[in-house]
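Colleague: The structure's right below; bear with me while I get my questions together.
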Amino acid sequence: RHLRMSAERLDAPPGGRLLDLCCGTGLSTAALRAVHPRADLVALDASAGMLAEARQKRELGARFVLGDATDPAAAGVQGPFDGILMAYGIRNVPERDRCLANLLALLKPGARVVFHEYSVKDDRVRRAIFNAICAGVIEPAGWLTSRDASIYRYLRQSVNDFDGVAEFEARLHRAGFASVRTLPLDGWQRGIVHSFVATRGPA
């Protein structure tokens, strides 16, 4: 439901071209398809295994591409796009500024990118809630189900290390995006996961 909220915030035209970055097994792609049923969808991920699962979901009607989200054009993904959704991805990109510059170049003038992402650095209360849930629920559950909680420990560390809201907004401005704003999600993730919305300015 939260992914669909972020997909709605793209405000893309019916039948437009949309790019789903870090699509994984296709959950974010499904959110895009639900909100934009007529869209021409391209979805990219760096994991061949996850893409193999996503490609089984033929009802999504997307073209799945193996590649690095830092530079989608290097994987053959060509713009312009009417919108880009990147869910739980920008936090894991080492070269964030380079990635943002490449995404800006893929957008049509006036089109939006939405980053559906954790950010807790600016809010001590939300950071404490997030860490308590990771330590008390997510990591123990991961250990019980797989006897390996390393990916969940990485999740916690990467979220704590990621830009705060103000820092990421400033990064988007420096990259050349306009109309940068951060919109909330609801439930226990309010103030923890956000829709960061930014627009490519007019040509």
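The values are calculated or read from the model by the stated rules, or taken from the named source; none is laboratory data. Worth saying up front: this structure is predicted, and the values here are computed from it rather than measured. All Cβ positions, even for glycine, are placed from backbone atoms using ideal geometry, and neighbour counts span all protein chains on display. Only protein heavy atoms, including side chains, enter the accessible area calculation; ligands, DNA and RNA are left aside. Shrake-Rupley method; radii C 1.70, N 1.55, O 1.52, S 1.80 Å.
Colleague: Among (i) 19.8; (ii) 17.1; (iii) 10.9, which is the computed mean projected area of the Cα convex hull in nm²?
Modeller: Derived directly from the coordinates: (iii).
Colleague: Per the 1.4 Å probe, what fraction of the accessible area of the chain, in percent, lies on carbon and sulfur atoms?
Modeller: Answer for the chain is 54 percent, counting heavy atoms of protein chains only.
Colleague: Could you compute the FRET efficiency for residue 52 and residue 125, with r as their C-beta to C-beta distance and R0 at 35 Å, rounded to 0.05?
Modeller: 0.30
Colleague: Report the residue, chosen from 123, 11, 40, that carries the largest GNM mean-square fluctuation when the chain is represented by alpha-carbon nodes joined by springs under 10 Å.
Modeller: 123
Colleague: Could you work out how far the C-alpha centroid of the range 169-201 sits from that of the range 91-118, in angstrom?
Modeller: If we compute the Cα centre of each part, the gap is 11 Å.
Colleague: Could I ask something else about it? Sequence gap at least 6, Cα distance under 8 Å: using those rules, report the relative contact order of the range 49-119 to the nearest whole percent.
Modeller: Relative contact order, the range 49-119: 34 percent.
Colleague: If I stretch the segment between residue 11 and residue 137 completely, what's the gain in nm (0.36 nm per residue apart, minus their alpha carbon distance), one decimal?
Modeller: Full-extension gain reported as 41.9 nm.
Colleague: Give me P(r) over the range 13-96, computed from all C-alpha to C-alpha distances, binned every 10 Å, as integer percentages.
Modeller: All Cα pairs considered, the percentages come to 20, 56, 24, 1.
Colleague: Only Cα pairs within less than 10 Å get springs; with that Gaussian network setup on the chain, which residue of 83, 49, 61 has the largest fluctuation?
Modeller: 49
Colleague: Now for a separate question. Subtracting the Cα-Cα distance from 0.36 nm times the residue separation, let me have the gained length for residue 74 to residue 146 in nm, one decimal.
Modeller: In short, 22.4 nm is gained.
Colleague: Now, a different point. Suppose a student asked you for the relative contact order of the chain, using Cα pairs under 8 Å spaced at least 6 residues apart; what percent would you report?
Modeller: 21
Colleague: Kindly provide the pair-distance distribution of the range 100-203 built from C-alpha pairs, with 10 Å bins from 0 and whole-percent values in order of increasing distance.
Modeller: 15, 38, 27, 16, 4, 0
Colleague: With runs of 4+ DSSP H residues as the only contributors, calculate the mean residue ellipticity of the chain at 222 nm using -39,500 (n - 2.57) per run, divided by the residue total and rounded to the nearest 500.
Modeller: It comes out at -10500 deg cm²/dmol, rounded to the nearest 500.
Colleague: If you don't mind, there's one more thing I want to ask. Identify the trypsin sites (Lys or Arg not before Pro) of the range 103-154 meeting these criteria: DSSP loop state and at most 14 other C-beta atoms within 10 Å of the C-beta.
Modeller: When the trypsin sites (Lys or Arg not before Pro) of the range 103-154 are filtered for loop state and at most 14 Cβ neighbours within 10 Å, 147 remain.
Colleague: Just to confirm, what accessible area per residue do you get for the chain at 1.4 Å probe, in whole Å²?
Modeller: Per residue, the chain has an accessible area of 47 Å².
Colleague: Taking amide H positions as placed in the peptide plane 1.01 Å from N, state which residues far from residue 84 in sequence (5 or more) or on other chains have amide H under 5 Å from it.
Modeller: Distant-sequence amide H within range of residue 84: 19, 112, 113, 114.
Colleague: Once every Cα of the range 71-133 carries one equal point scatterer and solvent is ignored, give the base-10 log of I(q)/I(0) from the Debye formula at q = 0.12, 0.24, 0.27 Å⁻¹, two decimals.
Modeller: -0.40, -1.03, -1.20
Colleague: Rank 14, 72, 140 by mean-square fluctuation in a GNM of the chain with C-alpha springs under 10 angstrom and give only the top-ranked residue.
Modeller: Greatest mean-square fluctuation among the candidates belongs to 140.
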